1. Which loop-located GluC sites (Glu not before Pro) does region 1-96 contain, where loop means any DSSP state but H, G, I, E or B and the Cβ has at most 16 other Cβ atoms within 10 Å?
2. Based on the alpha-carbon gyration tensor of the chain, what equivalent-ellipsoid semi-axes (square roots of 5 times the eigenvalues) come out, in whole Å, largest first?
3. With Rg and the Kirkwood Rh both taken from Cα atoms, where does Rg over Rh land for region 14-91?
4. Specify the longest stretch of the chain that does not include any exposed loop site, a site being one of the chymotrypsin sites (Phe, Trp or Tyr not before Pro) with a non-H, G, I, E, B DSSP assignment and at most 14 other Cβ atoms within 10 Å.
5. Alpha carbons only, please: Rg and Dmax for region 46-105, in angstrom.
6. How high is the relative contact order of region 35-83, in percent, counting Cα pairs under 8 Å that sit 6 or more residues apart?
7. Mind checking the full-extension length gain between E79 and R63? Use 0.36 nm per residue of separation minus the Cα-Cα distance, one decimal, nm.
8. Within the accessible area of the chain, what % is carbon and sulfur when the probe is 1.4 Å and the other protein chains stay in place?
Amino acid sequence: MAEPRGYGQYCPIAVAAEVVAERWTPLVLRALCLGATRFNEIQASVPRMSPALLSRRLRELERARILERRPLPGGRGAEYRLTEAGRALLPVLEAMGLWALEWLEREVFAERNLDPGLLMWELRRIALSAPRPPARRRVARFRMDDAPEGK
């Protein structure tokens with residue numbers, strides 16, 4: 001018989017880690033906290049995560065009542081929304097980021113962690129979340145000479 005997953009410890013940190021510290025889960029939560037609601041939006045924020053694993057993580061977060069899955073009208077696709085418990089994780093994620101900036105700065109800014117595609121996704125997300133769109137359309141060009149081929 002397979003052993004149950006988890007740390008098997010009566011400790012709030014262990015129990016929380018079983019839910020939110022699985023590989024990729026904090027990044028999925030980051031995307032949801034920053035406003036991603038559709039599968040493709042979430043996947044764009046974690047481009048190296050397989051779609052199958054993302055689907056599994058979303059189901060796990062739904063079972064843990066951290067997010068709700070709402071089918072879209074028309075029966076095709078779904079929208080993912082954080083519950084109150086999920087929204088309460090934002091300060092935890094922010095604290096992790098601040099800790100990394102203070103104690104792991106070299107790692108945060110290591111070349112292997114710089115992803116121009118993710119940067120562009122973030123800039124697009126920020127532009128689309130602006131309270132008021134500009135009066136007329138604007139176009140910006142980004143030139144990244146040192147970006148790896150295909151990025």
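1. Numbers: sites: E18, E22, E41, E60, E62, E68, E79, E84, E94; in loops: E22.
Answer by residue number: E22.
2. Details: eigenvalues 172, 97, 50 Å².
Listed largest to smallest, the semi-axes of the chain are 29, 22, 16 Å.
3. Working: Rg = 11.8 Å, Rh = 12.5 Å.
Value, to two decimals: 0.94.
4. No qualifying site falls inside 11-108, the longest such stretch.
5. Using the Cα atoms of region 46-105, the pair Rg, Dmax is 14.7, 48 Å.
6. Working: 42 pairs, mean separation 17.9, N = 49.
Relative contact order here is 37 percent.
7. Numbers: separation 16, 0.36 × 16 = 5.76 nm, distance 1.55 nm.
Using 0.36 nm per residue and subtracting the Cα-Cα distance, I get 4.2 nm.
8. Numbers: 6670 of 12110 Å².
Carbon and sulfur together cover 55 percent of it.
The values are calculated or read from the model by the stated rules, or taken from the named source; none is laboratory data. All values reported here derive from a predicted model rather than from experimental measurement. With ideal geometry, Cβ positions are generated from the backbone for all residues, glycine too; neighbour counts draw on all protein chains shown. With ligands, DNA and RNA removed, areas are computed over all heavy atoms of the protein, side chains included. Shrake-Rupley method; radii C 1.70, N 1.55, O 1.52, S 1.80 Å.
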